[in-house]
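One structure is given here, and the rest of the page talks about it.
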Amino acid sequence: MQSIPKLAAKLLLGTLCVSGGAATAWAQAPAEPATQARGDDGIAAAPEEGTRSNFIVTGVRVGGSWDDNALNSPAGNKLQDELISVEPHLALHLARPRTKASFDYTPGFTFSQEVSQYNARSQTLSGTAEHRLTRRLTLNEYNTFSLSTSAYDQFRASNLNGDVPITERPNDSAVVPGTRRTSAVAGLGASYALSPRSNLTISGSFSANRYRDLLNSSTQSLFNSTVIYGTAAYDHRMSRRRSAGVTYSAQQIWSGGESFLTHTLLYTEHFQFGAHRSLLLQGGPQYSTTSGGTASLSPSAITGGSFSWSAAATLNLQFARNLIEFSGARQVSDGGGVSSVVRLSRASVDASRNLGKSWTARVGGNYNLNDVLAGPLPLGQFRFWMANGSIVRSITRSAAIELGYRRSSHAAAQFLIGTPGYIDHNLVTVSIIYDLTHPLGK
């Protein structure tokens, strides 16, 4: 087996060959410090308040990746694969007195060396918008859409959910390469200021996950899911830094022949430590009922109605050159394609640091524990964890190179019929990113 450094060098060489023309142009241009801020994925980020904020970003990412488990096989039966990907992107950022909006679209084209089914296209679309209708009433909207096939595509698509409230995000507890996964989330909310200290918020969201087997494998039988989520919340500012309130939510899940309804009541505490540091804590009871046509074999399954506890937390810290984001939740959720409905306990952390004018480093990870509540397979419990890191080096004002690594692991008694329950992935990526910013005026 080739060592990871040799494979990374091989991928970089392939990437440079594919993008030779662009690389030559960059080499001929004089090197200059990168003054434009970049997001964690290397694409130009939205400017800070006080700078020109209406603009379009166009560009392309050309990359190579090495996956040591292209077919999602157990240990000892892995197939290595090398992929080349080309991803144009278009982003729009608007900031006006009453409206703020951000939209990003990235189609992708992947070419696999070993698995012909991975010669496919991918798509990711995300957007957020906020509009202040009156001094008291504000509307906000978010949406994400992804179409993915390979493990590389699915890892990239999972990064779209950052703008979705943690309790409304799809369950990303399974990496299922060889399966065409379509995922969509859309949400709309309204916040009304009852007084200078009190707010009432009503929101709703819709999410759907669909799976299509491309490998014609009888074991790749995954569960489609549809989820509707509704929330009503009241909060009161107790002091300059602290507010408290209550949140009621109702969630309806349809998956694998099951219909699962959950009511949740949470007490909320929110602390604001300056403009860029905040902590949100939520906790309370939830009541779940189910009806459907699939018999569950899990001992923790809900067959009628059941009470349990739900909780959520988010922490955001930004200081100097560092950014740290943590989130965690315990809730009833879809089964991520592996089962119908689960009780999901999940946590994630992301940290980034600017290492001078030209370097940016990022590390992160997440852990999901799934207790199966409904589904035909005797999974009982299944776990998923992922760790990732990347470093971005700006070459010019418009170009950058990124080296990334991800490791993921699944563990369960068995995931699918005849499939052992321990599956892991190592994914190494090398990418060149080029983008141009076009101001739209004031």
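For the list (1) closer than 24 Å to Arg330 by Cβ; (2) over 24 Å from the mean Cα position of the chain (by Cα), I need the number of the one condition that Val185 fails.
(2)
Please enumerate the residues belonging to the range 315-345 that are in contact with a helix residue (DSSP H, G or I) (Cβ under 8 Å, 6 or more places away or on another chain) and either small (Gly, Ala, Ser) or modelled with pLDDT of 95 or more (or both).
Within the range 315-345, Ser327, Gly328, Ala329 meet the criteria.
Taking the range 389-399, which residues are surrounded by 19 or more Cβ atoms within 10 Å (Cβ to Cβ) and closer than 16 Å to Asn159 by Cβ?
Selection gives Ser390, Val392.
Considering only residues of the range 295-307 that are within 20 Å of Ser173 (Cβ to Cβ) and surrounded by fewer than 16 Cβ atoms within 10 Å (Cβ to Cβ), which is modelled with the lowest pLDDT? Lay out the reasoning, then the answer.
Within the range 295-307, the subset within 20 Å of Ser173 (Cβ to Cβ) is 296-302.
Checking the rest, the ones that are also surrounded by fewer than 16 Cβ atoms within 10 Å (Cβ to Cβ) come to 297, 299-300.
Values: Leu297: 36, Pro299: 40, Ser300: 43.
Step by step, filter the range 295-307, then rank; the result is Leu297.
Any residue in the range 136-149 that's buried (at least 20 other Cβ atoms within 10 Å of the Cβ): show its pairings with residues that are of a type in the set (Lys, Arg) at Cβ separation under 7 Å, as long as the two are six or more apart or on different chains.
Ser148/Arg181; Thr149/Arg180
Conditions (1) assigned to a strand (DSSP E or B); (2) in contact (Cβ under 8 Å) with a residue 40 or more places away in the chain; (3) more than 30 Å from Tyr118 (Cα to Cα); (4) touching a strand residue (DSSP E or B) at 6+ places or on another chain (Cβ under 7 Å), marked per residue:
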| site | (1), (2), (3), (4) |
| --- | --- |
| Ile202 | yes, no, yes, yes |
| Asn209 | yes, yes, no, yes |
| Ala232 | yes, no, yes, yes |
| Ser249 | yes, yes, yes, yes |
| Thr268 | yes, no, yes, yes |
| Leu279 | yes, no, yes, yes |
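Kindly provide the set of residues from the range 157-200 that are in a helix (DSSP H, G or I), touching a residue at least 40 places away in the same chain (Cβ under 8 Å) and either within 26 Å of Asn69 (Cα to Cα) or among the aliphatic types (A, V, I, L, M) (or both), ordered by number.
Asn159, Ile166 - these are the residues of the range 157-200 that are in a helix (DSSP H, G or I), touching a residue at least 40 places away in the same chain (Cβ under 8 Å) and either within 26 Å of Asn69 (Cα to Cα) or among the aliphatic types (A, V, I, L, M) (or both).
Going through the range 129-156 one residue at a time, which ones are in a strand (DSSP E or B), within 16 Å of Arg181 (Cα to Cα) and among the hydrophobic types (A, V, I, L, M, F, W, C)? Quick ask: steps written out before the conclusion?
Of all residues in the range 129-156, those in a strand (DSSP E or B) come to 129-132, 137-148.
From the residues that got through so far, the ones that are within 16 Å of Arg181 (Cα to Cα) too are 144-148.
The answer is Phe145, Leu147.
Quick one: how many residues across the range 111-126 are crowded, with 19+ Cβ neighbours inside 10 Å and not hydrophobic (A, V, I, L, M, F, W, C)?
Qualifying residue count, the range 111-126: 5.
With respect to Glu114, determine if the residue is at pLDDT below 90, in contact with a Lys or Arg (Cβ under 7 Å, 6 or more places away or on another chain) and acidic (Asp, Glu). Walk me through it before giving the result.
On the way: at pLDDT below 90: yes; in contact with a Lys or Arg (Cβ under 7 Å, 6 or more places away or on another chain): no; acidic (Asp, Glu): yes.
It is false that Glu114 is at pLDDT below 90, in contact with a Lys or Arg (Cβ under 7 Å, 6 or more places away or on another chain) and acidic (Asp, Glu).
Six or more apart or on different chains, Cβ atoms under 8 Å: show the pairs whose first residue is in the range 57-80 and closer than 24 Å to Ala174 by Cβ and whose second is assigned to a strand (DSSP E or B) and aromatic (Phe, Trp, Tyr).
Listed by first residue and then by second, the contacts come to Pro74/Tyr422; Ala75/Tyr422; Gln80/Trp66.
Across the range 251-266, which residue is modelled with the lowest pLDDT among those that are assigned to a strand (DSSP E or B) and surrounded by fewer than 19 Cβ atoms within 10 Å (Cβ to Cβ)? Spell out how you get there, then give the answer.
Going through the range 251-266, the residues assigned to a strand (DSSP E or B) turn out to be 251-255, 258-266.
Of the ones still in play, those that are also surrounded by fewer than 19 Cβ atoms within 10 Å (Cβ to Cβ) are 252, 254, 259, 261, 263, 265.
Values: Gln252: 95, Trp254: 93, Ser259: 88, Leu261: 93, His263: 96, Leu265: 97.
Result: Ser259.
So Tyr105 ticks every box in (1) closer than 21 Å to Arg212 by Cβ; (2) surrounded by fewer than 17 Cβ atoms within 10 Å (Cβ to Cβ); (3) among the aromatic types (Phe, Trp, Tyr) but one. Which box is left unticked?
It fails just one condition, (1).
Residue by residue, here is whether (1) at pLDDT below 90; (2) within 24 Å of the chain's Cα centre (by Cα) holds:
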site: Ser217; (1), (2): yes, no
site: Arg242; (1), (2): no, no
site: Val246; (1), (2): no, no
site: Gly283; (1), (2): no, yes
site: Trp309; (1), (2): no, no
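The values are calculated or read from the model by the stated rules, or taken from the named source; none is laboratory data. What you are looking at is a predicted structure, and each value in this text was computed from that prediction instead of being measured. Note: ideal-geometry Cβ built from the backbone for every residue, glycine included; neighbour counts use all protein chains shown.
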